[in-house]
1. Which numbered condition trips up Ser481, out of (1) modelled with pLDDT under 90; (2) open to solvent by 40 Å² or more (accessible area, probe 1.4 Å); (3) more than 17 Å from Glu420 (Cα to Cα)?
2. If you go through region 370-395, how many residues are more than 21 Å from Met303 (Cβ to Cβ) and touching a Ser or Thr at 6+ places or on another chain (Cβ under 9 Å)?
3. Determine which single condition Gly171 fails, assuming it passes every other condition in (1) assigned by TED's automatic domain parsing to the domain that holds His87; (2) crowded, with 17+ Cβ neighbours inside 10 Å.
4. When you check His97 against the structure, is it in contact (Cβ under 8 Å) with a residue 60 or more places away in the chain, of a type outside the set (Ser, Thr, Tyr) and on the phi < 0 side of the Ramachandran plot, yes or no?
5. Identify all residues within region 278-298 that are within 10 Å of the ligand (Cβ to nearest atom) and of a type in the set (Ser, Thr, Tyr); write none if there are none.
6. Give the residue that is nearest to Ala25 (Cα to Cα), with candidates limited to residues of region 52-63 that are touching a Leu at 6+ places or on another chain (Cβ under 9 Å) and open to solvent by 10 Å² or more (accessible area, probe 1.4 Å).
7. Which fully enclosed helices (runs of 4 or more DSSP H) of region 181-283 have 3 or more residues being more than 16 Å from the chain's Cα centre (by Cα) and in contact (Cβ under 8 Å) with a residue 40 or more places away in the chain?
8. Could you check region 200-231 and list, in sequence order, the residues that are within 16 Å of the ligand (Cβ to nearest atom) and among the hydroxyl-bearing types (Ser, Thr, Tyr)?
Amino acid sequence: MNPAEWLARTARARPEAPALFHGTAQVADYADFARRAGSIGAALAARGIKAGDKVALFLPNSVDYLPIFYGILYAGACAVPINGKLHEREAAWITAHSGAKLVFTADPGVLRGTGDIDGVPCIATGSDAFDDMLATAPLPWPAPMAQTDPAWLFYTSGTTGRPKGALLSCGNLMAMSLSYFADVDDVSDRDAALYAAPMSHGAGLYNFVHVLRGARHIVPESGGFDPGEILRLAQQMRNISMFAAPTMVKRLVSAAHSAGADGEGIKTIVYGGGPMYVADIKQALATFGPKFVQIYGQGESPMTITALSRADIANSDHPDWEARLASVGQAQSVAEVRILDTDGTPLPPGEIGEIAVRGPQVMTGYLDNPDANAKTIVDGWLMTGDMGHLDEGGYLTLHDRAKDLVISGGTNIYPREVEEALLTHPAVSEVSVIGAPDPEWGEIVVAFVVADGPLETGELDEVCTSLIARFKKPKRYVFVSDLPKNNYGKVLKTELRERLKEM
Ligand code: AMP
């Protein structure tokens with residue numbers, strides 16, 4: 001089934017329900033939202049776009065995003081959302097790699113001259129060509145699509161090397177959405193999805209559940225993440241749900257502290273995409289109350305591997321509360337999760353290995369990348385590249401990606417454990433731990449620390465010795481004003497390793 005059926009259905013059942021908002025201003029109800037999508041779909045079809053073709057969106061978050069996205073689906077084509085914050089060369093590379101037949105951009109000139117995509121038409125939002133598309137007689141229904149047809153070509157964030165294009169089918173997106181209702185949160189027509197993170201990724205993937213239930217979709221006026229604006233919008237618009245990377249949650253909490261706010265109007269913050277440290281989620285809970293759900297996923301198994309429920313996060317009386325906060329929760333309903341050793345044998349609870357996942361939400365494969373496909377999908381299991389262990393109750397704890405593991409004196413050290421320890425010091429605001437080559441130990445532990453105030457390395461040593469084994473204590477601290485991060489807020493450990501080489 002074409003996921004755009006959900007839009008068509010909601011628009012017929014509740015045409016006047018408020019749908020798209022720019023800040024607090026309503027831009028479209030559901031009838032208008034579906035009409036715009038149908039018009040763009042018809043205009044794409046008139047330009048020769050047909051089932052299976054790719055159409056790219058290189059756009060910042062905006063109220064045009066969802067009508068364009070659904071317009072592509074109405075035509076039966078596959079959307080290629082590209083993060084609007086990427087450099088135009090990166091966007092041009094993705095466009096060329098995807099084989100997109102057309103690109104929607106905010107600025108028509110931006111991709112020209114990059115050399116990669118000559119001949120591919122670019123339609124700028126706000127241009128006459130775009131207005132003509134919106135004025136086309138709309139398709140009454142989305143084109144039929146099968147479960148295995150590609151609907152979203154998801155380019156991984158690529159913290160190392162070139163991004164890969166994970167083909168997400170209609171069936172993948174439906175499985176992800178149904179799991180959201182089962183494992184993450186319920187959604188009603190009084191709710192609103194707030195897009196504070198890029199709509200090309202996690203935040204955008206959560207549009208489907210909100211479309212199905214006829215909820216509102218709010219794009220902040222800033223088009224992105226401004227903590228003060230989010231807190232204000234939540235108060236004004238109420239029942240807000242949003243996806244946020246842990247670094248965004250931290251900034252939101254500190255903005256609320258400064259403003260004396262308590263997150264009024266926020267219903268749910270789903271966090272994931274990177275490690276949330278225990279000290280940070282405790283502070284977030286103390287400030288906002290039980291509004292948090294965690295998910296663990298990756299582009300290849302979108303938003304859907306495990307979830308840590310609102311109840312688990314809030315249940316501070318539970319004897320395993322802290323361990324659960326440090327975990328990423330239990331397998332989502334549709335996902336099977338195993339921990340495998342290096343030869344693919346499943347490991348028992350407590351033992352650390354690579355996390356493998358299987359289920360109807362797992363991508364059909366990477367586009368044009370047989371080598372990566374062979375390495376990543378093994379006997380039907382998606383090899384995530386993440387290391388972790390399950391406990392007896394099925395809670396999964398991540399232990400850094402295999403390549404981030406530090407091996408010092410022949411012993412494995414998981415950076416996350418050292419980072420958690422250092423973050424308990426009140427003057428440490430952010431930290432990232434990596435391994436540096438060392439002639440004596442093989443590797444030594446190095447901590448990059450962002451401090452809030454004056455801080456002696458001796459104090460950090462003390463904190464470590466009180467919480468973790470001596471051999472895990474960093475041998476070197478590097479104080480920095482901030483950590484290098486990609487557009488999704490993930491710390492770029494590769495860049496830290498490079499910096500260290502130059503020091
Ligand atoms: P991407 O495909 O760009 O979304 O990146 C997915 C990767 O982000 C995963 O393979 C994990 O390494 C990391 N990740 C996602 N969710 C979490 C989480 N809840 N906690 C820690 N790391 C996460």
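1. Of (1) modelled with pLDDT under 90; (2) open to solvent by 40 Å² or more (accessible area, probe 1.4 Å); (3) more than 17 Å from Glu420 (Cα to Cα), only one is false for Ser481: (1).
2. Summing the residues that are more than 21 Å from Met303 (Cβ to Cβ) and touching a Ser or Thr at 6+ places or on another chain (Cβ under 9 Å) in region 370-395 gives 2.
3. Result: Gly171 passes all but (1).
4. Details: in contact (Cβ under 8 Å) with a residue 60 or more places away in the chain: yes; of a type outside the set (Ser, Thr, Tyr): yes; on the phi < 0 side of the Ramachandran plot: yes.
Here the answer is yes, as His97 does meet what is asked.
5. Looking only at region 278-298, we keep the residues that are within 10 Å of the ligand (Cβ to nearest atom), and these are 294-298.
Tyr296, the sole residue that qualifies.
6. So in region 52-63, the residues touching a Leu at 6+ places or on another chain (Cβ under 9 Å) come out as 53-56, 58, 63.
Next, from what is left, pick out any that are open to solvent by 10 Å² or more (accessible area, probe 1.4 Å): 53-54, 58, 63.
Numbers: Asp53: 34, Lys54: 32, Phe58: 24, Val63: 11 Å.
Among those that are touching a Leu at 6+ places or on another chain (Cβ under 9 Å) and open to solvent by 10 Å² or more (accessible area, probe 1.4 Å), it is Val63.
7. On the way: elements: 202-205, 207-212, 227-237, 246-259.
Here the list reads 227-237.
8. Of all residues in region 200-231, those within 16 Å of the ligand (Cβ to nearest atom) come to 200-206.
Within region 200-231, Ser200, Tyr206 qualify.
The values are calculated or read from the model by the stated rules, or taken from the named source; none is laboratory data. Predicted model only: the values in this text are computed from it and were never measured. Neighbour counts run over all protein chains shown; Cβ positions are idealised from the backbone, glycine included. Side chains included, ligands, DNA and RNA excluded: accessible areas come from the protein's heavy atoms. Shrake-Rupley method; radii C 1.70, N 1.55, O 1.52, S 1.80 Å.
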